[in-house]
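Heads up: the structure comes next, in structure tokens.
Nothing in this text is a laboratory measurement; each read-out follows from the coordinates by a stated rule. Since the structure is predicted, the reported quantities are computational estimates derived from the model, not experimental observations. Cβ: placed from backbone, ideal geometry, glycine included. Neighbour counts: every protein chain shown.
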Amino acid sequence: MTVGAPSLADVLDWQQTWPATEEFNCGGWRLRGAEGWTKRCNSALAAPSEVPIGELVERTAAFYRDRQLTGCIVEHDCLPVPGLAEELDSRGWRTRARDSVMAIDVAELAADHHEVVIFDSAAHRRPESGWDRWIEAYDRGSGGLPAVAHRVLLGSPSQLFAMVLDRDGTAVGVSRVGVARRWAGLNCVWVDPDHRGRGLATTMLEQLSAALTVRGIARLQLAVDHTNLTAATLYRHLGFH
């Protein structure tokens, strides 16, 4: 399957695979917040607009200032905003590291080598089974999750969770995919340090992709910080590009 350059609608759908708890339209820009939990949930998506660029930046800064958060404005390569870089430079904003956005046709990833527990939920619905062990493991791997994390993790139109259990039934690997219309976004992958190097992350991604295929989702996308070389290498090895 060949997917063309994403449109604004595609980017907005992809954002909903890792949803903010509050979101506002500001002259075509999308201002997102989630009490400071994760950069992606607390950043503004810039887009071409008829509103003066200076006014948009000022309103964005005020949005995050009112919430005692550091403002972050994201410009996608597919949605260039003329004059944005110059405006931010004039105000003393600094450029943060670029994220690499990758995607893959899920059919390329849907293999069947190991058994993994897969479960799903609709928007804002706690899964009927598996959730307690999944969230305990992710909390352990994250060093403690804020309360708002639960709202983000369950906030996409639908979401799929994968979990690898050891012989004692303890979750030693977890991952999540959010789904919004034709887009699926891989948002978290964690494997217990004592169980790394055994292909568990790959197994979870294979099984999630198989589940997405059944649901008619053809494309899985993710963003990884360019400094996270281990994760970037794994994803490229799996075929993300």
In debye, nearest 20, what is the charge dipole magnitude of the range 21-153 about its Cα centre with +1 on Lys and Arg Cβ and -1 on Asp and Glu Cβ, if you could check? 540
Relative contact order (percent, whole number), the chain, Cα cutoff 8 Å, 6+ residue spacing: 24
Projected-area mean, the range 13-145, by convex hull of Cα positions, square nanometres: 10.8
Once both axes come from the Cα atoms, what is the angle between helix 229-238 and the longest principal axis of the chain, in degrees from 0 to 90, rounded to 10? 60
Length gained, R65-H241, 0.36 nm per residue minus C-alpha separation, equals 59.8 nm
Using every pair of alpha-carbon atoms in the range 98-241, split the distances into 5 Å bins beginning at 0 and state the percent of pairs per bin, rounded to integers. 2, 10, 20, 24, 22, 16, 6, 0, 0
Only helical DSSP H runs with n ≥ 4 go in: add -39500 (n - 2.57) per run for the chain, normalise by residue count and round the 222 nm mean residue ellipticity to 500 deg cm²/dmol. -9000 deg cm²/dmol
Select from Y235, L145, Q221 the residue farthest towards the positive end of the dipole of the chain; place +1 on Cβ of Lys and Arg, -1 on Cβ of Asp and Glu, and compute about the Cα centre. L145
